[in-house]
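Heads up, the thing below is written out as structure tokens.
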Amino acid sequence: MKIAILLKQVPVKDATLELNGDGTWIDEDDVQFEINDSDHYGLAEALNIAKDNDGEVTVVTMGPDRVKESIKQALAKGAHQAIHINDEDVKSSDPLTRAKIIAEAVKGENFDLILSGLQSDDYGYGQTGVLVAEMLGMPHATLVVETEINGDKIKVKRELEGGWFQNIELPLPAVLSIQSGLTDIPYATIKGIMMAKKKPVADVEADDLGVELEGGAFKLEKIYTPVKSKETAVLKGDADSVVPQIIDKLKNAAKVL
């Protein structure tokens with residue numbers, strides 16, 4: 001069984017972030033990066049499925065040269081090989097463009113199963129897996145908390161709102177977005193780190209895939225630190241006149257009622 005895990009590299013959780021000069025993203029010069037937390041669980045589930053079904057796991061990631069460090073970590077944890085889609089200038093920030101690039105890069109690999117994390121810790125769109133499935137014409141399930149391969153089908157359990165769950169069966173090949181916490185995150189061993197150096201990493205240039213990198217579904221114009229402000233309202237009068245004013249403020253100004 002051929003399994004792919006879509007992996008993204010994001011700024012470390014405790015990084016001090018500063019905006020870049022034009023206010024369109026963070027200044028990445030002094031920021032360290034790590035594997036997206038949600039994708040760790042996707043990788044863990046991919047390795048578990050591969051172990052039980054005589055499979056191999058391919059890490060698929062996109063970004064500048066720095067993402068190779070995350071590829072090494074994933075290979076050291078047990079992945080068998082990797083595909084690095086080189087997007088050095090990071091022109092593909094919107095999920096639709098990223099999905100088109102990924103789909104184009106993997107469509108000839110004939111994967112039986114493609115996994116992704118639920119969403120990324122930077123943009124948080126949570127759409128890449130869904131869109132890749134659409135591009136490849138494959139069935140898809142999100143919020144997956146349990147999987148079971150059954151011949152040419154896969155049974156999945158999905159977590160819904162309000163403590164409800166849904167059990168469905170999908171034909172293979174399929175794409176799944178894995179819910180965080182599904183399984184234990186694997187750790188790299190010394191042996192795994194040494195073996196990772198010998199595992200193949202295929203380099204693909206995003207510019208060579210024929211996907212339009214400019215434009216996309218939308219454009220992020222500006223990000224900024226929320227402006228903090230305080231406003232004090234003094235309500236005068238007796239209780240009978242003040243109470244309706246308080247209720248009005250809570251409902252229409254604070255919007256907590």
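The table that follows gives values for the structure above.
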{"quantity": "Residue match in the range 213-220 (condition: farther than 20 Å from Val132 by Cα and touching a residue at least 12 places away in the same chain (Cβ under 8 Å))", "calculated": "yes"}
{"quantity": "Those strands (runs of 3 or more DSSP E) lying entirely in the range 88-180 with at least 3 residues of a type in the set (Lys, Arg)", "calculated": "153-159"}
{"quantity": "Qualifying residue in the range 133-154 (condition: out of contact with any Phe, Trp or Tyr (no Cβ under 7 Å at 6 or more places or on another chain), surrounded by fewer than 17 Cβ atoms within 10 Å (Cβ to Cβ) and among the small types (Gly, Ala, Ser))", "calculated": "yes"}
{"quantity": "Residue within the range 205-225 that is assigned to a helix (DSSP H, G or I) and among the small types (Gly, Ala, Ser) present", "calculated": "yes"}
{"quantity": "Verdict on Pro171 being modelled with pLDDT of 90 or more and either of a type in the set (S, T, N, Q) or over 23 Å from Met62 (Cβ atoms) (or both)", "calculated": "yes"}
{"quantity": "Qualifying positions in the range 12-40 - assigned to a strand (DSSP E or B) and farther than 22 Å from Asp184 by Cα", "calculated": "Leu19, Ile26"}
{"quantity": "Test set (1) among the aliphatic types (A, V, I, L, M); (2) more than 21 Å from Asp208 (Cβ to Cβ); (3) in contact (Cβ under 8 Å) with a residue 60 or more places away in the chain; (4) in contact with a Ser or Thr (Cβ under 6 Å, 6 or more places away or on another chain) - Ala4 fails condition number", "calculated": "(2)"}
{"quantity": "Output for the range 1-54, where each listed residue is farther than 30 Å from Asp112 by Cα, polar (S, T, N, Q) and in contact with a Lys or Arg (Cβ under 7 Å, 6 or more places away or on another chain)", "calculated": "Thr24"}
{"quantity": "Test: residue in the range 231-251 that is in a loop (DSSP other than H, G, I, E, B) and touching a strand residue (DSSP E or B) at 6+ places or on another chain (Cβ under 9 Å)", "calculated": "no"}
{"quantity": "Ala50 being touching a residue at least 40 places away in the same chain (Cβ under 8 Å) and surrounded by 22 or more Cβ atoms within 10 Å (Cβ to Cβ)", "calculated": "no"}
{"quantity": "Residues (crowded, with 17+ Cβ neighbours inside 10 Å and of a type in the set (D, E, K, R)) located in the range 1-12", "calculated": "Lys8"}
{"quantity": "Long-range neighbours under 9 Å by Cβ, at least six apart or interchain, first residue surrounded by 10 or more Cβ atoms within 10 Å (Cβ to Cβ) and modelled with pLDDT of 80 or more within the range 13-27, second assigned to a strand (DSSP E or B) and of a type outside the set (A, V, I, L, M)", "calculated": "Ala15/Phe33; Leu17/Pro11; Ile26/Pro11"}
{"quantity": "Residues located in the range 179-236, provided they are surrounded by 15 or more Cβ atoms within 10 Å (Cβ to Cβ) and among the basic types (Lys, Arg)", "calculated": "Lys199"}
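Listed here are the residues, each with its yes/no results for (1) touching a strand residue (DSSP E or B) at 6+ places or on another chain (Cβ under 7 Å); (2) modelled with pLDDT of 95 or more; (3) hydrophobic (A, V, I, L, M, F, W, C).
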residue: Asp39; (1), (2), (3): yes, no, no
residue: Met62; (1), (2), (3): yes, no, yes
residue: Asp65; (1), (2), (3): no, no, no
residue: His84; (1), (2), (3): yes, yes, no
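Here is a yes/no grid of residues against (1) touching a helix residue (DSSP H, G or I) at 6+ places or on another chain (Cβ under 8 Å); (2) within 19 Å of Lys199 (Cα to Cα):
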residue: Gly42; (1), (2): no, no
residue: Gly55; (1), (2): yes, yes
residue: Thr58; (1), (2): no, yes
residue: Asp65; (1), (2): no, yes
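The values are calculated or read from the model by the stated rules, or taken from the named source; none is laboratory data. Source: prediction; values computed, not measured. All Cβ positions, even for glycine, are placed from backbone atoms using ideal geometry, and neighbour counts span all protein chains on display.
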